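Below is one structure, written out as structure tokens; comments come after it.
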Amino acid sequence: EALINRIAAGEVVERPASAVKELVENAIDAGAGRIRIDIADGGKTLIRITDDGCGIPPADLPVALARHATSKLDGSDLLNIHSFGFRGEALASLAAVGRLELTSRAAGHEAARIRVNGGRAGEVEPAALREGTVVELRDLFHATPARLKFLRTERAESQAISDVVKRLAMAEPAVGFILRDISGGGEGRLILRADSEGGDLFDALGARLARIMGRDFIDNALGIDATREGIRLHGYAALPTYSRGAAVAQFLFVNGRPVKDRALTGALRAAYQDVLSRDRHPAAALFIDCPTDLVDVNVHPAKAEVRFREPGVVRGLIVTALRHGLAGAGH
Ligand code: ADP
Ligand code: MG
């Protein structure tokens, strides 16, 4: 069992950033208003996620750690990706590749904690916690030195974690995020801070994007909002006059979930082909919202690819909406 768990875990947990992604998604799913992420040594020795979400009752702590245990699947909507996690294996996988400690307090319950070491869960114990959940993952891949060897430098792993948190923060403007590196002890070094953005959602998104991508991006971007055949595209795309040097800043989301998808970036490129030279990448943060039966994001657990039932419609929507916006802005 432990070996099978470790093999399967490798599918989900490739590096510290993938652990952070799963844990932050869980916090978002739990309705957290504030999420704090502390890491040490690029997440290799410590990842700690603290949220103020709904918490887990003591009796459910061992259940949450079991493989394929999820509170989010009702069987009727297998492709529902509005809820981030839907595989019910993240915590089990993480517990198989690191030392995991789960402390939580649900409304109407006492706080409790469970620890998993070497794949074996201990007893549920009383703990002190005011609200929400704290997941602590220490010594990732300590039991699999071969995988540990494949991790990159502390700097590179920290960067990957920061990228993951940025993307999730862009998708959830109403949630406050703090990412700190506590390798040096004490309060640690602040890597990213994005407080909850109030206001109506479009403004909140603009404010959050300004925070993450820079004020100059929003000041030099088109607001996009278009719908075709039940699929909505909204967000911001840079004017062709806006340049941010060599950095590629393209952020794409499908049903609130960050994705990396060649077909979508290809559509973005096509929209700009007459106004931007081929070697430049338009900065953009675009959100596609589409009925869950028209999209499958469950192509591979650790990869952020998507498969649309009607790829042509999505491509057409992106190209048309952006060209229309660019033309309206005189480009
Ligand atoms: P999934 O997210 O796919 O359901 P996970 O293994 O990530 O599977 O989590 C298992 C279960 O543990 C979740 O379904 C949820 O009930 C509970 N859980 C995990 N993290 C949290 C959290 N931060 N707050 C509340 N509940 C959580
Ligand atoms: Mg999950």
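In the set 313, 248, 259, only one residue is in contact (Cβ under 8 Å) with a residue 60 or more places away in the chain and among the β-branched types (Val, Ile, Thr); that residue is 313. Consider only pairs whose beta carbons are under 7 Å apart and that are at least six residues apart or on different chains; among these, list those whose first residue lies in region 33-60 and is in the same structural domain as residue 163 (by TED's automatic domain parsing) and within 19 Å of residue 171 (Cβ to Cβ) and whose second residue is assigned to a helix (DSSP H, G or I) and of a type in the set (Val, Ile, Thr). Close Cβ pairs satisfying both conditions: 35/24; 37/20; 37/24; 37/165; 49/24. If the condition is being part of a strand (DSSP E or B) and over 18 Å from residue 172 (Cβ atoms), then region 225-261 contributes 225, 226, 227, 228, 231, 233, 237, 238, 250. A single member of 294, 264, 322 is touching a strand residue (DSSP E or B) at 6+ places or on another chain (Cβ under 8 Å) and farther than 30 Å from residue 88 by Cβ, and it is 322.
Would you kindly identify the strands (runs of 3 or more DSSP E) lying entirely within region 113-208 that contain at least 3 residues that are among the aliphatic types (A, V, I, L, M) and in contact (Cβ under 8 Å) with a residue 24 or more places away in the chain?
Filter on region 113-208 gives 132-138, 189-194.
For region 44-53, the criterion of a residue being at pLDDT 95 or above, within 12 Å of ligand 2 (Cβ to nearest atom) and of a type in the set (A, V, I, L, M) is satisfied by at least one position. Inside region 87-99, residues that are assigned to a loop (DSSP other than H, G, I, E, B) and near ligand 1 (Cβ under 8 Å from one of its atoms) make up a count of 3.
With respect to (1) more than 9 Å from ligand 1 (Cβ to nearest atom); (2) modelled with pLDDT under 90; (3) in contact with a Gly (Cβ under 7 Å, 6 or more places away or on another chain), the lone exception for residue 73 is condition (1). Exactly one residue out of 102, 61 is modelled with pLDDT of 95 or more and more than 8 Å from ligand 1 (Cβ to nearest atom): that is 61.
The values are calculated or read from the model by the stated rules, or taken from the named source; none is laboratory data. Note that the structure is predicted; figures quoted are calculated from it, not measured. Cβ atoms come from the backbone with ideal geometry, glycine included; neighbour counts cover every protein chain shown.
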